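**Student:** Take a look at this one; I'll ask things after.
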Amino acid sequence: MYEPDGLSPQKSQLGLRSTLQELTLYDFLLESECLGGEVAKIFQANPLLPGIIITQEGKFTGMISRRRYFEHMSRPYSLELFSQQPLFILYRFTKTDLLILDRQTSIMTAVRQSLERSPELIHEPIVVQVEPDNYKLLDVHQLLLSQLQIHELATVAMRESQAQLRHQAQQLELALLELQRTQTQLIQTEKMSSLGQLVAGVAHEINNPIGFIYSNLHHAKEYTQGLMQMLEVYREHYPESIAEIAAESEKIELDYLLEDLPKVLNSMQQGAERVRDIVLSLRNFCRLDEAEMKQVNIHDGINNTIMLLQSQLKGKPGPEAIAIHKEYSDLPLVQCYPGQLNQVFMNILVNAIYAIIEWNKHENVDEKSQNKSQLCEPKNLHTNTQSSISNSTNSISAIRISTELIEGKKVIIRISDNGPGMTEDVRKRLFDPFFTTKPVGKGTGLGLSISYEIVVNQHGGELKCFSEPGKGTEFAIEIPLQQSSLAKILPRFA
Ligand SMILES: Nc1ncnc2c1ncn2[C@@H]1O[C@H](COP(=O)(O)OP(=O)(O)OP(=O)(O)O)[C@@H](O)[C@H]1O
Ligand SMILES: [Mg+2]
């Protein structure tokens, strides 16, 4: 009845939730009426048997372990005493508390319960109830071996699940980044298309009437000059005018009017020219019609953008004016999405203006004048670009824009300001979508992340920021002169 299952501690491959029934169980039964000496023979014949189950009329009554049996039998006179007596007599002397567990007990629970026994019982086999009236024995050594195996399995599984978790976390992070990017793009596309259409529409509507005004002003000037000449001729021929005419010319202050009228017309012409330029800049800035790569003059884009920002740069009664210093090099045409690059110039210039204006509201005048005396000394400017910033401008807020051709391959546009600069913490998060230090409702925190997307992903360029608190800020935009063929056909958003 003994089940010799080989030497393996378990019948099958164990899993993390394996139970006792998966282990090798021994069921050598002996009726309690058998002689005690029989047990020795059985143990000798079955060297792996951890103990035998004692039954009475087939029913389980107890268990005697190999260890306990030989321990007792080795005592003086025991062999003579018990080997000729029925087994139940021996059992009365060797009887101990049994650990009886159900076959479905998990191996880990069995190990815990087994180890919780008192030290002298710790090696005793465990009785496993496989059916209501069927009991088998489990060797503790085998139980511990199987626990070791499960422990190893658990370690491997843990490592695998850790690796899997790490992988999943990476995937999640990537998905999140991609989501943020597409969200940024969506907002940008939405903002640009609706704003761009609005601006382009308004620019178009203004363009026609300003055209009438501008071209008619030319005629108006000619006609008034003619009328004024006519008046002169009258005056020459009729120097003594009648009283009524003299009174009327006094009333309208004719001499002053004749002197002022050309000035009025000139300033109207200048105003009309400015409106015409602004409308042109607006149309160029939006460049809605240009979703494709174009060869453009970068300086035109910067100038257009500055033109649109004039009102913010000029300074009202509150903020002081911000000077713009241009240090343009000779640049070839650059292949790019012009509308998008203008957007980048706009975002960076607006940030610089905002930073300077906010800083000027501060009361710490000493700190400010110290920084302004450094006047956004460009951190990376090449020596061949002549600085247009003289000492006389040292005490004012300024933005410097320089351009440079590098190795005939790329252009660098540097936009620096002598504003407050940024802490390292802000600089690190600058290009993160939705990062802003502006008060709630003032900024979306998308300006620079959109700019980064445009420069780096749309144009294969680089966008870098150099800034320290109190030392101003410089943004360097690098754009290759020529784009790869892929970028030309795949504009992401325009
Ligand atoms: N020239 C600068 N000087 C100082 N800080 C700057 C400058 N440019 C950007 N920053 C900092 O970077 C942050 C992020 O700029 P970004 O343009 O992405 O968003 P924003 O300007 O806050 O919001 P939005 O562009 O939507 O108005 C700003 O809130 C500001 O703290
Ligand atoms: Mg911004």
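The values are calculated or read from the model by the stated rules, or taken from the named source; none is laboratory data. These numbers come from a predicted model, not from an experiment. Heads up, the Cβs are rebuilt from the backbone with ideal geometry, glycines too, and the neighbour counts pull from every protein chain shown. Note: areas computed on protein heavy atoms with side chains; ligands, DNA, RNA excluded. Shrake-Rupley method; radii C 1.70, N 1.55, O 1.52, S 1.80 Å.
**Student:** Do you know which of the residues in segment 67-111 that are within 30 Å of Leu20 (Cα to Cα) and part of a strand (DSSP E or B) is least open to solvent (accessible area, probe 1.4 Å)? Working first, answer last.
**Tutor:** Taking segment 67-111 and keeping what is within 30 Å of Leu20 (Cα to Cα), we get 67-72, 87-88, 90-111.
Imposing the further condition that a residue be part of a strand (DSSP E or B) reduces the set to 100-102, 106.
On the way: Ile100: 79, Leu101: 12, Asp102: 74, Ser106: 39 Å².
Residue satisfying both the conditions and the ranking: Leu101.
**Student:** Also: Is it fair to say Leu463 is at pLDDT 85 or above, surrounded by fewer than 18 Cβ atoms within 10 Å (Cβ to Cβ) and under 23 Å from His325 (Cβ atoms)? Steps first, answer last, please.
**Tutor:** On the way: at pLDDT 85 or above: yes; surrounded by fewer than 18 Cβ atoms within 10 Å (Cβ to Cβ): no; under 23 Å from His325 (Cβ atoms): yes.
For Leu463, the condition - at pLDDT 85 or above, surrounded by fewer than 18 Cβ atoms within 10 Å (Cβ to Cβ) and under 23 Å from His325 (Cβ atoms) - is not met.
**Student:** Pairs, please: C-beta under 8 Å, at least 6 apart or cross-chain, first residue near ligand 1 (Cβ under 6 Å from one of its atoms) and open to solvent by 70 Å² or more (accessible area, probe 1.4 Å) and in segment 435-447, second of a type in the set (Ser, Thr, Tyr) and assigned to a loop (DSSP other than H, G, I, E, B)?
**Tutor:** Thr444/Thr436
**Student:** Within segment 240-288, how many residues turn out to be open to solvent by less than 100 Å² (accessible area, probe 1.4 Å), more than 17 Å from Ile306 (Cβ to Cβ) and outside any helix (DSSP H, G or I)?
**Tutor:** So the count comes out to 3.
**Student:** Note down all Cβ pairs under 7 Å where the first residue falls in segment 143-167 and is not assigned by TED's automatic domain parsing to the domain that holds Thr109, the second is open to solvent by 70 Å² or more (accessible area, probe 1.4 Å), and they're at least six residues apart or on different chains.
**Tutor:** As it stands, the answer is Gln147/Met108; Ile150/Leu16; Ile150/Met108; Leu153/Leu16; Ala154/Leu16; Ala157/Leu16, since those pairs meet every condition given.
**Student:** Take the residues of segment 24-51 that are in contact (Cβ under 8 Å) with a residue 60 or more places away in the chain and part of a strand (DSSP E or B): which is farthest from the chain's Cα centre (by Cα)?
**Tutor:** Gly51
**Student:** Pairs under 8 Å by beta carbon, first residue touching a residue at least 12 places away in the same chain (Cβ under 8 Å) and away from ligand 2 (no atom under 16 Å from the Cβ) in segment 453-475, partner open to solvent by 60 Å² or more (accessible area, probe 1.4 Å) and part of a helix (DSSP H, G or I), six or more apart or different chains?
**Tutor:** If the second residue must be open to solvent by 60 Å² or more (accessible area, probe 1.4 Å) and part of a helix (DSSP H, G or I), the pairs left are Gly470/Glu367; Gly470/Gln370; Lys471/Gln374; Gly472/Gln374.
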